[in-house]
Amino acid sequence: MSVTVEPGDPRAPGPAALLKQSHALMEGLFPAEDNFYLDIDALTAPHIAFFVALKAGETLGTAALADKGAYGEVKSMFVAETARGLGVGAALLDRLEAEARQKRMAVLMLETGNVLHAAHRLYARAGFVERGPFGDYPDANSSLFMEKRL
């Protein structure tokens, strides 16, 4: 599968549709107080690098890197259901890591849902390890926190 990962606009139709699917999934799986996703407009902030995975012009996935100063945070990782298991998530994560290294970030961190086992496997394969809460996150029962030293 020939997938490209490039900077994108979260407000464009393809990425926005995937982000809305992601938000709906999170709202269906987790209590409102445990949903920490960024809304579409927040993903356009200057400290956020937003990326899309594309194949033949179709948006297959989204990911963002938030520059938190001392670390980079992985946000809005989502792959279209039809593209899961095809390496799209790994390609997005590779691009985020390259961006973080270019910005000389020492570590990547993320928060994900405790029942999102495919995501846990993806992150572990990429070298992420579990850690405790970071930043402004509470120690939510439905959260899993991970990091990768770069």
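Is it the case that some residue within the range 37-57 is under 24 Å from H117 (Cβ atoms), surrounded by fewer than 20 Cβ atoms within 10 Å (Cβ to Cβ) and not polar (S, T, N, Q)? First the steps, then the outcome.
Applying the first criterion (under 24 Å from H117 (Cβ atoms)) to the range 37-57 yields 37-38, 51, 53.
From what's left, surrounded by fewer than 20 Cβ atoms within 10 Å (Cβ to Cβ): 37-38.
Next cut, not polar (S, T, N, Q) only: 37-38.
Yes, the range 37-57 has at least one match.
If you check G28 against the conditions, is it modelled with pLDDT of 95 or more, over 23 Å from R101 (Cα atoms) and assigned to a helix (DSSP H, G or I)?
Working: modelled with pLDDT of 95 or more: no; over 23 Å from R101 (Cα atoms): yes; assigned to a helix (DSSP H, G or I): yes.
Considered against the rule, which asks whether it is modelled with pLDDT of 95 or more, over 23 Å from R101 (Cα atoms) and assigned to a helix (DSSP H, G or I), G28 comes out as no.
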Report yes if E97 is charged (D, E, K, R), assigned to a helix (DSSP H, G or I) and under 26 Å from P138 (Cα atoms), otherwise no. yes
Of the listed residues (K75, K68), the one being surrounded by 13 or more Cβ atoms within 10 Å (Cβ to Cβ), touching a residue at least 60 places away in the same chain (Cβ under 8 Å) and within 20 Å of F145 (Cα to Cα) is K68
Tell me, yes or no, whether the range 139-149 has at least one residue that is surrounded by fewer than 18 Cβ atoms within 10 Å (Cβ to Cβ), among the charged types (D, E, K, R) and at negative phi. yes
Is it the case that the range 20-34 has a residue that's over 13 Å from the mean Cα position of the chain (by Cα), surrounded by 15 or more Cβ atoms within 10 Å (Cβ to Cβ) and of a type in the set (D, E)? yes
Report, by residue number, each residue of the range 10-19 that is assigned to a helix (DSSP H, G or I) and either among the hydrophobic types (A, V, I, L, M, F, W, C) or surrounded by fewer than 13 Cβ atoms within 10 Å (Cβ to Cβ) (or both). P13, A16, A17, L18, L19
Considering the range 67-76 alone, what residues qualify as being among the hydrophobic types (A, V, I, L, M, F, W, C) and within 10 Å of the chain's Cα centre (by Cα)? V74
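Looking at the range 1-54 only, could you name the residues that are among the β-branched types (V, I, T) and either closer than 25 Å to Y137 by Cα or in contact with a Gly (Cβ under 9 Å, 6 or more places away or on another chain) (or both)? Working first, answer last.
From the range 1-54, those among the β-branched types (V, I, T) are 3-5, 40, 44, 48, 52; that's our starting set.
Hits for the range 1-54 are V3, V5, I40, T44, I48, V52.
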From the residues in the range 95-130 that are among the charged types (D, E, K, R) and surrounded by 14 or more Cβ atoms within 10 Å (Cβ to Cβ), which one is farthest from the chain's Cα centre (by Cα)? E99
When the range 40-86 is examined, which residues are found to be in contact with a helix residue (DSSP H, G or I) (Cβ under 8 Å, 6 or more places away or on another chain) and in a loop (DSSP other than H, G, I, E, B)? I40, A80, R84
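The values are calculated or read from the model by the stated rules, or taken from the named source; none is laboratory data. Given the structure is predicted, the values throughout are model-derived calculations rather than measurements. Heads up, the Cβs are rebuilt from the backbone with ideal geometry, glycines too, and the neighbour counts pull from every protein chain shown.
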